[in-house]
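No value in this document is a laboratory result; all are computed from the given coordinates. Note that the coordinates shown come from a computational prediction; the quantities given were computed from them, not determined experimentally. FYI the Cβ positions are ideal-geometry reconstructions off the backbone, even for glycines, and counts take in every protein chain you see.
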Amino acid sequence: MLLVDDEEIVRDVLSRYLEREGFRVDIASDGETAVELAERCRPDIVVLDLMLPKLDGLEVFRRIRIERDLPILMLTAKSEEIDRVVGLELGADDYVTKPFSPREVVARIRAVLRRRARSSGDTYGEPIVVGPLEIDSGRREVRCEGTLIPLTRKEFDLLELLTSHPGRAFRRFELLEQVWDSAWHGDSSTVTVHVRRLREKIEPDPSDPRHILTVWGVGYRFEP
């Protein structure tokens, strides 16, 4: 794995803990080094601080994802909701706010890797057609009336879950548990943000959705 943080104590404590847990850890203390190591060392997962010198964490995130679809766990010292939203809308797999315990970070990393392992298999059948959508789980592609719709990983996972149970009302905490894993400790606004973005991409009129419907006091359901 690649650990990217500009705080020496964080790098030292977290890397030692991760190595004891069986991970091989490469370390970067700034954004430029992180991009170079991600290309050269080919890590399986990146733990990425949001606030970095030379290149900030969001720019590092974008550059890494251009090259490879790596799982990325983001760290930040900021606790404002906007910071979580920005990281997750980019498609981060999870998000941890400082201060944190090394045990929590390891649990989140293992959860991310489990989710990736579940979604990386190639033994999928034919694409599923639900209403105007064609969902190809093997290629992780979605088309709406034949047009390819670019989705982040979380947007795809959320849409796939909703459309696989048409008409069922999911509570927000259920969506958090199934899409973001039970190790996720964020709040339901994460689901709200992703639903809004999905509506903007697949609904003819996002302000009056036909397919991803709000069930007031509960959560959301998909109507074909």
Given charges at Cβ of Lys, Arg, Asp, Glu: the chain dipole, positive-most of Leu113, Ala92, Ser207: Leu113
Two-site FRET efficiency, His165 against Leu90, from Cβ-Cβ distance with R₀ of 30 Å, rounded to 0.05: 0.65
Most mobile of Ile45, Ile212, Ile128 in a GNM of the chain (Cα contacts under 10 Å): Ile128
Candidates Val130, Val47, Val96: whichever shows maximal mean-square fluctuation once the chain is modelled as a Gaussian network with Cα springs under 10 Å: Val130
Glu174-Asp208 FRET efficiency (beta carbon distance; Förster radius 22 Å; 0.05 resolution): 0.30
Residue-averaged [θ]222 nm for the chain, counting only DSSP H segments that reach four residues, each worth -39500 (n - 2.57): -13000 deg cm²/dmol
Length gained when the stretch Arg114-Ser188 is fully extended (0.36 nm per residue, less Cα-Cα span): 24.4 nm
Which label in [x] 18.1, 52; [y] 18.6, 65; [z] 16.4, 47 gives the computed Rg and Dmax of the Cα atoms in Å: [x]
GNM top mover of His165, His194, His211 - the chain, alpha-carbon springs below 10 Å: His165
Furthest towards positive pole of dipole, Ser101, Leu70, Gly131, structure part the chain, Cβ charges: Gly131
Dimensions (Å) - region 128-222, Cα atoms, principal axes, largest first: 36, 29, 20
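Run through the DSSP bridge list for the chain and note the antiparallel percent, rounded to the nearest 5.
Around 55 percent antiparallel, to the nearest 5.
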